[in-house]
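Just so it is clear, none of the values below were taken in a lab; they were calculated from the coordinates. Quantities reported herein were computed from a predicted structural model and do not represent experimental measurements. Here the Cβ is made from the backbone with ideal geometry for all residues, glycine too, and neighbour counts use every protein chain on show.
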Amino acid sequence: MKTSWYHEPWAWLVFGLPLAAVIASVNLYIVANADPDPLVVGDYYKTGKAINFQVAKVKQAQKLGMKFALQLSNNKLLIKPTGIEKTFPVLNISFFHPTLEERDFALALTPDGNGYFRHTFDNDISGKWKITITPFENHWKIQDTISLPQDNFIDIIPDPTKAQ
């Protein structure tokens, strides 16, 4: 007595395993392409040339003797120049989160009467940040990686090894 093929357990095993592999492969392809990694650089040569240009800006800041002290306490940011006695009309301060690009932001701060740069944040920015300080003319640059909040002042000094 013969039975239909769909009543045989071996038939389901022979067809089921490859079908499960195809379904898993399609699912994996969809998941992998749904959210591409924004941290991967496509043109390494251009990026390398840009890094060399940024290193030159950091060396310029080092040559000029630029230094800043930074404090963030109770969501109040205070940056004061400590290197040279020069006033800056505007400082551009960029905050880059190490893993979440959507949390990156930039500030353009003007000095108060003491020459300090202040900003009050509406939300909490605790954690590790890569900070970049540049003047309005963008002819020098200082970068450092810091952990916030900081109740004490931390020095932000130009270091060409941290330039990117």
Per q in 0.11, 0.14 1/Å, what log10 I(q)/I(0) does a Debye calculation on the alpha-carbon atoms of the chain return?
-0.58, -0.80
Give the angle, between 0 and 90 degrees and rounded to the nearest 10, that separates the Cα long axis of helix 9-34 from the longest principal axis of the Cα atoms of the chain.
20 degrees
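For each of L28, L148, count neighbouring Cβ atoms within 10 Å of the residue's Cβ, then give the residues from fewest to most.
Working: L28 10, L148 20.
Ranking L28, L148 by Cβ neighbours within 10 Å, fewest first, gives L28, L148.
Using only alpha carbon pairs under 8 Å that are at least six residues apart, calculate the relative contact order of the chain and give it in whole percent. Show your work: numbers first, answer last.
Working: 251 pairs, mean separation 40.6, N = 164.
In percent, rounded to a whole number, it is 25.
Return the subset of K59/K130; K49/K80; K63/K141; K63/K128; K63/K86; K76/K128 for which the Cα-Cα distance in this structure is over 21 Å, preserving the input order. Walk me through the numbers before you get to the answer.
Working: K59/K130 18 Å; K49/K80 32 Å; K63/K141 11 Å; K63/K128 28 Å; K63/K86 14 Å; K76/K128 17 Å.
Exceeds cut-off: K49/K80; K63/K128.
Taking other Cβ within 10 Å of each residue's Cβ, how do V31, V90 sort, fewest first?
Ascending Cβ contact count within 10 Å gives the list V31, V90.
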Which order do F153, F95 fall in if you start with the one that has the fewest other Cβ atoms within 10 Å?
F153, F95
Taking Cα atoms, the helix 44-64 axis meets the longest principal axis of the chain at an angle in degrees (rounded to 10) of 20 degrees
